[in-house]
Amino acid sequence: MKNNNFKKAIRKIHLWLGLSSGLIVFIIAITGCLYAFQEEIQNITEEYRFVKEQNDTFLPPSKLAVIAKKELPDKVLHAIKYNQKDNAAEAEFYHYEPSYYYTIFINPYTGKVLKTVNHEEGFFAFILDGHFNLWLPHEIGEVVVSVATLIFLVLLVSGLILWYPKNKNAAKQRFWFKWKNGTKWKRKNYDLHNITGFYMLIIGIIFAITGLVWGFQWFAYSYYKVSGGEKSLFYEEPLSKINTKTATNTVVKPLDVIWLQMQKEYPQAKSIEIHPPETVASPIAANANMDEGTYWKIDYRYFDQYSLKEMNVSHLWGRKKDDKIADNLMKMNYDIHTGAILGLPGKIFAFLTSLLIASLPISGFYIWWGRWRKGTTPDKTK
């Protein structure tokens, strides 16, 4: 009797949480599907991302910075990114408030500007905005999406409780579709919701947890600390010791010195980024990514812009060699969420599972709709 009352309570929670968040979960899952192969599609359709490989050296960041600033003189240059020998270099202009994000693609051999891209426009920008903000203002949409993701996590747990079979006979219909020629649509829809939900449980929890890491600071902090993290999650630049006697426009350009050092220390790097200092006290930040298509292996470095001495940081985005399990797990968050951690097969898997997750609110709604039309609540399919 107690077990029946418990399941009834869980069923009501599952029902009303599902109805209240179903549309949002559907949008999040579908936009996730559409964004899954963003990088691969752009590499196929956007020719300006590539250049003809030459038997020559790349232009240094100081020269690419001058070229890029002429294109967007009223914007702040965030970074110069060098990729592989047949890839364009990227000058990134990014600012949080006022918000803008541009990339200027430049031929790294000749300095020719190939394309200026506004990342806040276009198809994938629209899809990403829907995934993170539901196309609402950021301060509203992010909260709505985060709350819906938290509800989805509760739905997964409550769904497992409802899925759990009473006996061996019931268990036979919990793991696979056992449809006959005369099986009604109501039964098929119920099985689609029930069985698909069971098999999507683990991946759904992974999607939800990695999404919540971005959505709530308290969740990210708790997740990191529980996994054994000891570093700060608050990004803070180390400050350069201001030295007015040190000329930054001499023959030896500080950006170029750091870039040459990074090339020497990371000869196998898939990409190297150099971040020009944005203030008189900012460091020259640099990073090297050893793995194309993921972000968790990036090694972050910081140098005094005057003395060029390396500076240590206490937050997560520091030297890769100092990372522990919790640090790696936190840095893997994006790559796990998108499936990129397993390469193209992982992205395909993430795409298919997101599609199946998107079906759960639909099948769940039809279960409720069928019972509501009859004016009944008992679950006769169980």
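The values are calculated or read from the model by the stated rules, or taken from the named source; none is laboratory data. Only a predicted model underlies this, so the values are computations on that prediction, with no experimental measurement involved. Methodologically, a virtual Cβ is constructed for each residue, glycine included, from the backbone with ideal geometry; neighbour enumeration extends over all protein chains shown.
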**Prompt:** Can you name the residue in the range 1-36 that is touching a Phe, Trp or Tyr at 6+ places or on another chain (Cβ under 7 Å) and over 12 Å from Ile151 (Cβ atoms) and is also surrounded by the most Cβ atoms within 10 Å (Cβ to Cβ) among such residues?
**Reply:** Ala36
**Message:** Can you pull out every residue in the range 311-344 that is of a type in the set (Ser, Thr, Tyr) and either in contact with a Lys or Arg (Cβ under 8 Å, 6 or more places away or on another chain) or closer than 16 Å to Tyr235 by Cα (or both)?
**Reply:** Ser314, Thr338
**Request:** State all residues of the range 79-129 that are in contact (Cβ under 8 Å) with a residue 60 or more places away in the chain, among the hydrophobic types (A, V, I, L, M, F, W, C) and in contact with a Pro (Cβ under 7 Å, 6 or more places away or on another chain); if no residue qualifies, say none.
**Result:** Ile80
**Message:** Could you list, ordered by first residue, the pairs with Cβ atoms under 6 Å in which the first is in the range 30-57 and of a type outside the set (Ser, Thr, Tyr) and the second is surrounded by fewer than 13 Cβ atoms within 10 Å (Cβ to Cβ), at least 6 apart or interchain?
**Reply:** Phe50/Asp86; Glu53/Asp86
**Complete:** Within the range 194-205, the residues that are buried (at least 19 other Cβ atoms within 10 Å of the Cβ) and either modelled with pLDDT of 95 or more or of a type in the set (Lys, Arg) (or both) are Gly204
**Message:** Take the conditions assigned by TED's automatic domain parsing to the domain that holds Ala281, without any contact (Cβ under 8 Å) to a residue 60 or more places away in the chain and under 30 Å from Asn243 (Cβ atoms) and apply them to Tyr306. Does it pass?
**Reply:** no
**Whichever residue in the range 209-247 is free of Cβ contacts under 8 Å to residues at least 60 places away in the same chain and outside any helix (DSSP H, G or I) and, among such residues, is nearest to Ala281 (Cα to Cα)** = Leu239
**Request:** Quickly run through the range 290-318 and pick out the residues that are part of a strand (DSSP E or B) and within 20 Å of the chain's Cα centre (by Cα).
**Result:** Asp299, Tyr300, His315
**Prompt:** Which one of Ala220, Ala208, Ala286 is of a type in the set (A, V, I, L, M, F, W, C), crowded, with 17+ Cβ neighbours inside 10 Å and over 25 Å from Glu92 (Cβ atoms)?
**Reply:** Ala208
**Request:** Pick out, from the range 319-380, the helices (runs of 4 or more DSSP H) lying fully within it that include 1 or more residues that are in the same structural domain as Pro165 (by TED's automatic domain parsing), surrounded by fewer than 19 Cβ atoms within 10 Å (Cβ to Cβ) and among the polar types (S, T, N, Q).
**Result:** 343-374
**Request:** Just name the residue that is surrounded by the most Cβ atoms within 10 Å (Cβ to Cβ) out of those in the range 64-87 that are touching a strand residue (DSSP E or B) at 6+ places or on another chain (Cβ under 7 Å) and farther than 17 Å from His275 by Cα.
**Result:** Asn87
**Asked** Could you say whether any residue in the range 282-289 is within 21 Å of the chain's Cα centre (by Cα), farther than 29 Å from Glu40 by Cα, not assigned by TED's automatic domain parsing to the domain that holds Thr210 and not hydrophobic (A, V, I, L, M, F, W, C)?
**Response** no
**Prompt:** Do the conditions hold for Leu136, that is, is it surrounded by 13 or more Cβ atoms within 10 Å (Cβ to Cβ) and touching a residue at least 12 places away in the same chain (Cβ under 8 Å)?
**Reply:** no
**Message:** When you check Phe93 against the structure, is it surrounded by fewer than 13 Cβ atoms within 10 Å (Cβ to Cβ) and under 22 Å from the mean Cα position of the chain (by Cα), yes or no?
**Reply:** no
**Prompt:** Which one of Tyr109, Tyr101 is touching a Leu at 6+ places or on another chain (Cβ under 8 Å), among the hydroxyl-bearing types (Ser, Thr, Tyr) and either over 19 Å from Val25 (Cα atoms) or modelled with pLDDT under 95 (or both)?
**Reply:** Tyr109
**Complete:** Residue hits (the range 171-208; part of a helix (DSSP H, G or I) and farther than 25 Å from Phe365 by Cβ) are Ala171
**Request:** Go through the range 262-283 and count every residue that is within 17 Å of Glu92 (Cβ to Cβ) and outside any loop (DSSP other than H, G, I, E, B).
**Result:** 6
